[in-house]
Amino acid sequence: MIRMKLIRNERGVTLIEVLVSIVLLSIIFLSVMRFFPQMGLMNNQNQDKAKAINLAKEVLINWQESSDVKWFLVKTDQAVGFTPTDSKVTYNRFYSDPTYYYFETTKDPYDVNIKIKRFPETSSRLSSIHSIVVQLIDKKNRHVITETFGYVKR
């Protein structure tokens, strides 16, 4: 009996029901669509961060392997920097304090700060190990993008 009653009811849907369903679908659709541009922005930021990390690692390796840097660390109490023979370890500014040597250079689009500990972490007759810190700083807003650590063995 109920089945027959449902079949005979051919009223259809009202205009209000159609409008409400369209509004609900629009709200859901707009909410989902806002998510995708945000994901694109996050992907771009992650890609820039990954490039900066790779560049910092490259700078660290260049400075760790440089014979100029190793020779510089052999000398004690350096008041001036060194004259690099390798273009991979050039710098624009040098200064020091009682604990660290500081070098500043640029790698587009970043400023690079390199900090090498003056006195070795460990030392023996054959070699000593100085800690080195490489920071990449965004030229526009002066925020540290990435920082990596390592050691220079001489």
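The values are calculated or read from the model by the stated rules, or taken from the named source; none is laboratory data. Please read these numbers as outputs of a predicted model, since none were measured by experiment. Cβ sites come from the backbone with ideal geometry, for glycine too, and all protein chains shown count toward neighbours.
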Picking from LYS49, LYS75, the residue that is surrounded by 10 or more Cβ atoms within 10 Å (Cβ to Cβ) and among the basic types (Lys, Arg) would be LYS49
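Is it the case that GLU147 is at pLDDT 85 or above and out of contact with any Phe, Trp or Tyr (no Cβ under 7 Å at 6 or more places or on another chain)?
Yes: the conditions hold for GLU147.
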In the stretch 80-118, residues that are of a type in the set (A, V, I, L, M, F, W, C), assigned to a loop (DSSP other than H, G, I, E, B) and either touching a helix residue (DSSP H, G or I) at 6+ places or on another chain (Cβ under 8 Å) or more than 19 Å from SER67 (Cα to Cα) (or both) total 1
- Query: Does ARG34 qualify as being more than 30 Å from LEU126 (Cβ to Cβ), in contact with an Asp or Glu (Cβ under 7 Å, 6 or more places away or on another chain) and free of Cβ contacts under 8 Å to residues at least 24 places away in the same chain?
  - Reply: no
Given the conditions (1) in contact with a strand residue (DSSP E or B) (Cβ under 8 Å, 6 or more places away or on another chain); (2) surrounded by fewer than 17 Cβ atoms within 10 Å (Cβ to Cβ), every one holds for LEU136 apart from (2)
Looking across the stretch 108-125 at residues that are touching a residue at least 40 places away in the same chain (Cβ under 8 Å) and farther than 22 Å from LYS75 by Cα, the single one that is surrounded by the fewest Cβ atoms within 10 Å (Cβ to Cβ) is VAL112
